[in-house]
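Report on the structure given below.
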Amino acid sequence: MMKILIDNNVAIDILAERNPGFEEASDIMEYICLGACKAYLATKSITDIHYTLVKQFKKLGYGTTEMCKHKARCVLGSYLCAVDTADTIGEDVRYAFSSPMEDFEDSIVASVANRYDIDYIVTNNISDFVNSPVKAIKPCEAIELLEEQQSAITQQTVTAVNQEPTTAFF
């Protein structure tokens, strides 16, 4: 099963229903909920996502700051029922200090992904992960890979069902 780490920008697209990006991000979420892949969110990202959601909800006129904070907690809490967290440890921070990646925070995310044996980091900002030890892909690429994986599973199932039994039971 494919393991992906969702970058902040894709998580925010899903949670704030932000365009462009919401449709692809929600398609990935559907695959996650169907169990087609194992998805993670770097624990260090959660506070950044919460902060951004509150600002986004406030901008959209969802009410007072307190109401927007409550909505952000509810939405993020629901999201974390489907997505696992990948903890950040000191090793990840130390990696970021010597990483060839330009952005310190993205270096930490890349280190977490590497430590969790993640197959892909799903992000809208591929250029931020050029020197990452884990390949970064756009949401549309993740969808293509998940579709290919599901097609292969379906084909295997069809082949298994269509095979003649090797032993007769009478």
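Annotations
- Taking the chain as a Gaussian network of alpha-carbon nodes connected by springs under 10 Å, the highest mean-square fluctuation of the residues V122, V83, V75 belongs to V75.
- Positive-end extreme of charge dipole, the chain - chosen from H50, Q149, T123 (charges on Cβ): H50
- Estimated FRET transfer efficiency (Y62, E30; beta-carbon r; R0 35 Å; 0.05): 0.90
- Computed about the Cα centre, the dipole magnitude for segment 20-105 is approximately 540 debye when only Lys and Arg (+1) and Asp and Glu (-1) carry charge, each at its Cβ.
- Approximate spin-label separation V130-H70, in nm, with each point projected 7 Å along Cα-to-Cβ: 4.6 nm
- Estimated from the Cβ-Cβ distance and a Förster radius of 45 angstrom, the FRET efficiency linking Y51 and M2 is about 0.95.
- Once C-alpha pairs closer than 8 Å and six or more residues apart are averaged by separation and normalised to the residue number of the chain, the relative contact order reads 25 percent.
- In the elastic network of the chain, a GNM with C-alpha springs shorter than 10 Å, the most mobile of T123, T64, T85 is T64.
- For the chain, the Cβ-based charge dipole about the Cα centre amounts to some 680 debye (Lys, Arg positive; Asp, Glu negative; other atoms uncharged).
- The local environment of K3, defined by Cβ-Cβ distances under 10 Å, has a net charge of -2 under the rule Lys, Arg +1 and Asp, Glu -1.
- In the elastic network of the chain, a GNM with C-alpha springs shorter than 10 Å, the most mobile of G21, G61, G77 is G61.
- Degrees, to the nearest 10: 65-79 long Cα axis against longest axis of the chain: 20 degrees
Only the coordinates and a few stated rules stand behind these numbers; no lab work does. Quick caveat: nothing in here was measured; it's all calculated off a predicted structure. Cβ: placed from backbone, ideal geometry, glycine included. Neighbour counts: every protein chain shown.
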